[in-house]
1. Given the Cα atoms of the chain, and with Rh set as the inverse mean 1/r over their pairs in the Kirkwood sense, what is Rg to Rh to two decimals?
2. For the chain, what is the charge dipole size about the Cα centre, in debye to the nearest 20, if Lys and Arg each add +1 at the Cβ and Asp and Glu each add -1 at the Cβ?
3. Mind pulling the angle between the C-alpha long axis of helix 17-29 and the longest principal axis of the chain? Nearest 10 degrees, somewhere in 0 to 90.
4. Between the helical axis of 34-44 and the dominant principal axis of the chain, each derived from Cα atoms, what acute angle in degrees is found, rounded to the nearest 10?
5. I'd like the FRET efficiency for Leu100 and Ser50, computed as 1/(1 + (r/R0)^6) with the beta carbon distance as r and R0 of 30 Å, rounded to 0.05.
6. Charges at C-beta only: +1 for Lys and Arg, -1 for Asp and Glu. How large is the resulting dipole of segment 87-142 about its Cα centre, in Debye rounded to 20?
7. Indicate the gyration tensor shape class of segment 87-142 (rounded, prolate or oblate), computed on the Cα atoms with a ≥ b ≥ c the square roots of the eigenvalues: a/c under 1.5 is rounded; otherwise a/b larger than b/c is prolate and the rest oblate.
8. Over the chain, what is the mean sequence separation of C-alpha contacts under 8 Å (at least six apart), divided by residue count, expressed as relative contact order in percent?
Amino acid sequence: MARFRSVLKSKGLKSTPQRIAVHEAMLALEHATADQVCSWIVQKGEADISVASVYNILSDLSSIGLYRRVPSIGNKTLYDISTFPHIHIYNRRKNEFKDLVDPEFVSMVESYFKQHPPKGYRIDDIEVQLICHPGRRSKTDSI
Ligand SMILES: [Zn+2]
């Protein structure tokens, strides 16, 4: 939270209770839409805030590099507290995202598309998402 406050200060933004509540929600949720962040804040009863305000705060904080907007096909933007390149594991049963940190794979994909750019397009960002459901526990999980 100290880093959060200092980043806001360095960008000329105040640490308002609403911004702090949004950041606390993002720290807890890690990946979330404005609706999910708003629900979390309302459940905690930490601040009086509307979905529109949450959306604006998420958008502002993404613009200064605190969160990453995850491109999605639907009309709801997903915000990610992890701003470094990583892979997403999407659990379709729980509708939740987890990070898979694999710099070697990310570097391999980036390098491939630098050498083989899709014809007629410029790549803005690369998002690799594994769509999964929980598997059976392996023997090592039960030990
Ligand atoms: Zn992520």
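1. On the way: Rg = 17.6 Å, Rh = 17.1 Å.
Rounded to two decimals, Rg/Rh equals 1.02.
2. Details: 20 positive and 16 negative charges, 11 e Å.
It works out to roughly 60 debye.
3. The angle comes out near 30 degrees.
4. Roughly 50 degrees, rounded to the nearest 10.
5. Values: r = 34 Å, r/R0 = 1.12.
Using R0 = 30 Å, I get an efficiency of 0.35.
6. On the way: 10 positive and 9 negative charges, 85 e Å.
Here segment 87-142 has a charge dipole of around 420 debye.
7. On the way: a/c = 3.54, a/b = 2.12, b/c = 1.67.
It comes out prolate by the Cα gyration axes.
8. Details: 150 pairs, mean separation 25.3, N = 143.
Result for the chain is 18 percent.
The values are calculated or read from the model by the stated rules, or taken from the named source; none is laboratory data. On a predicted model such as this, the values are computed, not experimentally measured, just so you know. Quick reminder, even Gly has a Cβ in these numbers, built from the backbone with ideal geometry, and neighbours come from all protein chains shown. Just so you know, the surface numbers come from the protein's heavy atoms only, side chains and all, with ligands and any DNA or RNA stripped out. Shrake-Rupley method; radii C 1.70, N 1.55, O 1.52, S 1.80 Å.
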